[in-house]
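A short worksheet on the structure shown next.
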Amino acid sequence: MAIIDEDKCTGCAICEDVCPVGAIKVNDVANVDAEECTDCGSCVDEYPNEAISMEE
C-alpha cells in the first residue's frame with residue numbers, strides 16, 4: 001500500500017490524478033484508501049518530493 005509522509009505532502013494532488021483506481025483523495029494532505037490501493041506504484045513514480053512510498 002502507498003504510504004503518505006504527511007510532513008512532506010504539499011497537497012498538490014498529483015498522486016490523486018495519477019492513481020488509476022482512485023484510491024487517493026487529497027484534502028489538505030493525501031489520504032490512501034487501503035482497500036482500494038492495488039500497490040501499482042504510479043503515485044510513487046510521479047510524486048516530486050518523495051512524500052509517498054510503498055509499504056513493504
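Note on segment 42-56: residues that are out of contact with any Gly (no Cβ under 7 Å at 6 or more places or on another chain) and either among the small types (Gly, Ala, Ser) or under 18 Å from Gly22 (Cβ atoms) (or both) amount to 9.
Taken together, the residues in segment 1-22 that are assigned to a loop (DSSP other than H, G, I, E, B) and either out of contact with any strand residue (DSSP E or B) (no Cβ under 6 Å at 6 or more places or on another chain) or among the aromatic types (Phe, Trp, Tyr) (or both) amount to 11.
Quick check on segment 17-54: of everything there that is hydrophobic (A, V, I, L, M, F, W, C) and surrounded by fewer than 13 Cβ atoms within 10 Å (Cβ to Cβ), which residue is nearest to Met1 (Cα to Cα)?
Ala34
Residues in segment 23-56 that are assigned to a strand (DSSP E or B) and out of contact with any strand residue (DSSP E or B) (no Cβ under 8 Å at 6 or more places or on another chain): Val26 only. Taking segment 43-56 as the range and being closer than 13 Å to Ala13 by Cα and small (Gly, Ala, Ser) as the test, only Ala51 passes.
Taken together, the values in this text are just the output of simple stated rules run on the coordinates, not laboratory data. Since this is a predicted model, take the numbers as computed values, not measurements. Quick reminder, even Gly has a Cβ in these numbers, built from the backbone with ideal geometry, and neighbours come from all protein chains shown.
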